[in-house]
Amino acid sequence: MKMKKNILYIHGANMSPVSFTLIQTTMGSHNAVAPEYSIESPVEKNLKRITRLARKEFKNEPFDIISHSLGGIIAILLLKTRLRIGRIVTISTPLGGSEAAATLRYMYPGYQLYKDIDPSSDIIKKANNQKLKVPVLSVITTGGNSTIPFMKEDNDTIVTVASQTVSDNPEFYYVDLNHFEVLLSVEVADKIKLFLDGESKRNFMLPNVAMKDLLSRVRSLVR
């Protein structure tokens, strides 16, 4: 009997596990663990808590990770632990940090997120120096029609393309969507499924009512 796949979902800053509803549904039957965390706590503290949770929930069984934005940094840092990680998917992840955060952290010195994603922060350096010991798929969002023009580089409204592509190791998958649209893309969800388990691509669409409800819930999170 084939065992169910174990998947750890790590959401982005100011988001929640709800943001993975479409992707999680696309994965089919599996054991899902989707913790919430606060950006008011340092990434290192969140990393330790998620490590303990993954060890408790998955025991010594292998598991994959699907992560978005800041969650992708946590996912890469989990490779420093002894957890049995199989594959990792990062989506719109600022592995190179944020130049905007480097400026804003001096205007808002108490805001933990800006400290964590400053390109010179210890967190970003550790993520960049972490050897990728497992297959990694990085979904790169190039912005679609929603790029922010005053950002000097190509961006997805939140993260620059350059920051998402600092590593030469992952498999890159480019999509012309913004930072939040990507989580509602059936094409992206199917690509992730193919990467994680190699199943043939299939047509997948939520019923209209469910899709409208999902869109409403995600939009309420990002306002």
Do the conditions hold for Lys45, that is, is it over 23 Å from Ser121 (Cβ atoms), of a type in the set (Lys, Arg), surrounded by fewer than 18 Cβ atoms within 10 Å (Cβ to Cβ) and without any contact (Cβ under 8 Å) to a residue 40 or more places away in the chain?
no
From the list Ile74, Ile88, Ile66, Ile39, which one is in contact (Cβ under 8 Å) with a residue 40 or more places away in the chain, crowded, with 16+ Cβ neighbours inside 10 Å and in a helix (DSSP H, G or I)?
Ile74
For region 103-114, what are the residues that are in a helix (DSSP H, G or I) and surrounded by fewer than 19 Cβ atoms within 10 Å (Cβ to Cβ)?
Thr103, Leu104, Tyr106, Met107, Gln112
When Leu95 is evaluated against the numbered criteria (1) under 19 Å from the mean Cα position of the chain (by Cα); (2) at positive phi, which criterion, by number, is the only one it fails?
(2)
Residues that are among the β-branched types (Val, Ile, Thr) and in contact (Cβ under 8 Å) with a residue 24 or more places away in the chain, drawn from region 91-141:
Ile91, Thr93, Ile117, Ile123, Ile124, Val134, Val136, Val139, Ile140, Thr141
Selection from region 166-223 of residues that are of a type in the set (D, E, K, R), modelled with pLDDT of 95 or more and in contact with an Asp or Glu (Cβ under 8 Å, 6 or more places away or on another chain)
Lys193
Contact list please: Cβ distance under 6 Å, first residue in region 176-198 and within 20 Å of Pro135 (Cα to Cα), second residue small (Gly, Ala, Ser), pairs at least six apart or on different chains.
none
Return yes when Glu61 is touching a strand residue (DSSP E or B) at 6+ places or on another chain (Cβ under 8 Å), among the acidic types (Asp, Glu), touching a residue at least 40 places away in the same chain (Cβ under 8 Å) and surrounded by fewer than 18 Cβ atoms within 10 Å (Cβ to Cβ) and no when it is not.
yes
So, in region 116-133, exactly how many residues are surrounded by fewer than 19 Cβ atoms within 10 Å (Cβ to Cβ) and in a helix (DSSP H, G or I)?
5
Given the conditions (1) under 25 Å from Leu177 (Cβ atoms); (2) touching a Phe, Trp or Tyr at 6+ places or on another chain (Cβ under 9 Å), every one holds for Gly86 apart from (1)
Within region 11-19, does at least one residue satisfy the condition of being within 11 Å of the chain's Cα centre (by Cα), buried (at least 22 other Cβ atoms within 10 Å of the Cβ) and among the small types (Gly, Ala, Ser)?
yes
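The values are calculated or read from the model by the stated rules, or taken from the named source; none is laboratory data. If you're wondering where the values come from, they're calculated on a predicted model, not measured in any experiment. Glycine gets a Cβ as well: all are built from the backbone with ideal geometry, and neighbour counts include every protein chain shown.
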